[in-house]
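The values are calculated or read from the model by the stated rules, or taken from the named source; none is laboratory data. Just so you know, these numbers come straight off a predicted model, no measurement behind them. In this analysis, Cβ positions are derived from the backbone assuming ideal geometry, glycine residues included, and neighbour counts consider all displayed protein chains. What goes into the accessible areas is simple: the full protein's heavy atoms, side chains included, and nothing from ligands, DNA or RNA. Shrake-Rupley method; radii C 1.70, N 1.55, O 1.52, S 1.80 Å.
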Amino acid sequence: MAQKRDILVSAPGKIILSGEHSVVYGQPALLTAVNRRLSVSIKEADQGIEIIADEPPDLARYALEKTEQLLKKEIKRGLKIKINSQIPVGRGFGSSAALAVAIVGGLFSYFGKTWDKALINQIAYEIEKKQHGNPSGGDNSVVCFGGFLRFQKRGEKFIIKPLKIKTSLPKFILLDSGRAKETTGEMVHCVSKKYKKEKLKVKRTLSLIGRTTIKTIAGFKKGNFNQLTTLIKENERLLEELGVVGQKAKRLIREIEKLGGAAKICGAGGLKAGSGVVLCYHPKPKIILNFAQKQKLVHFPVKLGTEGVKNEKN
Ligand code: PMV
């Protein structure tokens, strides 16, 4: 078996610029990788699998087993796996997708398999299913390929289009509304329950989110951000209609709107406590930064459109 003894793989976090939840129902989404990364180091050990991580190791263990199963390969000896992450958990930053993708990439190297990103992505998607029940596959795809992606799910197929952004982007500010108490799976389930109860209404909301996404993507492609305030506000209102934004995040977002800006959650959201990170836009970003400082809000400075999963030892 061709094995590398010392493997280090990193994967980025992500945010959803437009299209969370509606993407689960086949609408397009605009996602981007961010420059906060999670790394997985794999070293051979005598026996057993030891996982050293800040978060409970269940998902990492499942990721290892699923990858072995889908690649029809077996970890023959012991492994010492260390997970280091700069990606905040439960904030819509895609921490679980980054973990899944990085572990799969790491095991490709461990088994001496050439990296095939499409296959890494497919396996990571199977792992995400365990974590989230019915994920769209958008998170793992952007974490795998990096950059900016237009992502759409057609049945079990992904339509992934990397977006070339020619102009410089406006400054987005990411403010923390707090960690969500609910998992992504629970929030996705929340929407699906509503969908079953009020199908027509929810269908309409989802397709309206799809429309704002299409317009947002067109603006990004042309480098025309004139409509951005309106589009982000519209998107947020529709997410609120879906019932995925908690009171704390809503209050924060209304404050930002009063200051002349726009803001939206950028992941699954959350109801009982925080709703994760909030994407804020203002033609004069300083206004939001001053507000955040006064309110002592946690602000995550990030770069968008960064590299996807990466073998750090190559
Ligand atoms: O909060 P996150 O990072 O897990 O993002 C979830 C995005 C959803 O659209 C709500 C679910 C999905 O699978 O696309």
If I go through the stretch 183-203 residue by residue, how many of them are open to solvent by less than 50 Å² (accessible area, probe 1.4 Å) and over 15 Å from the mean Cα position of the chain (by Cα)?
5
Going by the structure shown, is Gly147 touching a strand residue (DSSP E or B) at 6+ places or on another chain (Cβ under 7 Å) and open to solvent by less than 10 Å² (accessible area, probe 1.4 Å)?
no
Please go through the stretch 118-134 and give me each residue that is within 10 Å of the ligand (Cβ to nearest atom) and under 19 Å from Lys161 (Cβ atoms), ordered by number.
Tyr125
Mind checking whether some residue in the stretch 34-46 is open to solvent by 60 Å² or more (accessible area, probe 1.4 Å), within 16 Å of the ligand (Cβ to nearest atom) and of a type in the set (Asp, Glu)?
no
When you look at Ala180, is it hydrophobic (A, V, I, L, M, F, W, C), in a loop (DSSP other than H, G, I, E, B) and surrounded by 17 or more Cβ atoms within 10 Å (Cβ to Cβ), yes or no?
yes
Go through the stretch 252-277 residue by residue and tally those that are open to solvent by 10 Å² or more (accessible area, probe 1.4 Å) and more than 23 Å from Val89 (Cβ to Cβ).
6
Among the residues of the stretch 299-312, what is the count of those that are under 13 Å from Val277 (Cβ atoms) and touching a Pro at 6+ places or on another chain (Cβ under 9 Å)?
1
Taking the stretch 157-167 and keeping only residues that are part of a loop (DSSP other than H, G, I, E, B), open to solvent by less than 100 Å² (accessible area, probe 1.4 Å) and out of contact with any Lys or Arg (no Cβ under 7 Å at 6 or more places or on another chain), one is left with Ile165, Thr167
Strands (runs of 3 or more DSSP E) fully within the stretch 2-102 counting 2 or more residues that are closer than 13 Å to Asp139 by Cα
6-18, 29-45
Condition test on Glu240, is it within 26 Å of Ser96 (Cβ to Cβ) and open to solvent by less than 70 Å² (accessible area, probe 1.4 Å)?
yes
Within the stretch 27-48, restricting to residues that are modelled with pLDDT of 95 or more and of a type in the set (A, V, I, L, M, F, W, C), the one that is farthest from Ile159 (Cα to Cα) is Ile42
Can you name the number of the only condition in (1) under 16 Å from Lys129 (Cα atoms); (2) open to solvent by less than 10 Å² (accessible area, probe 1.4 Å); (3) more than 12 Å from the ligand (Cβ to nearest atom) that Leu107 fails?
(1)
Residues within the stretch 204-230 that are of a type in the set (Ser, Thr, Tyr) and open to solvent by 30 Å² or more (accessible area, probe 1.4 Å), tallied
3
Output the residues belonging to the stretch 135-157 that are charged (D, E, K, R), under 14 Å from the mean Cα position of the chain (by Cα) and more than 13 Å from the ligand (Cβ to nearest atom).
Arg150
Which pairs turn up if I take residues in the stretch 90-111 that are within 17 Å of Arg36 (Cβ to Cβ) and look for partners that are open to solvent by 10 Å² or more (accessible area, probe 1.4 Å) and among the acidic types (Asp, Glu) with beta carbon separation below 8 Å, at least 6 apart in sequence or on another chain?
Arg91/Asp176; Gly94/Asp139; Ser95/Glu55; Ser96/Asp139; Ala97/Asp139
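Rundown of residues vs (1) over 15 Å from the mean Cα position of the chain (by Cα); (2) more than 30 Å from Gly243 (Cα to Cα), yes/no style:
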{"position": "Val9", "(1), (2)": "yes, yes"}
{"position": "Pro12", "(1), (2)": "no, no"}
{"position": "Leu17", "(1), (2)": "no, no"}
{"position": "Gly26", "(1), (2)": "yes, no"}
{"position": "Leu31", "(1), (2)": "no, no"}
{"position": "Asn35", "(1), (2)": "no, no"}
{"position": "Ile49", "(1), (2)": "yes, yes"}
{"position": "Leu59", "(1), (2)": "yes, no"}
{"position": "Tyr62", "(1), (2)": "yes, yes"}
Scan the stretch 118-128 and tell me whether some residue there is open to solvent by less than 70 Å² (accessible area, probe 1.4 Å) and over 15 Å from Leu70 (Cβ atoms).
no
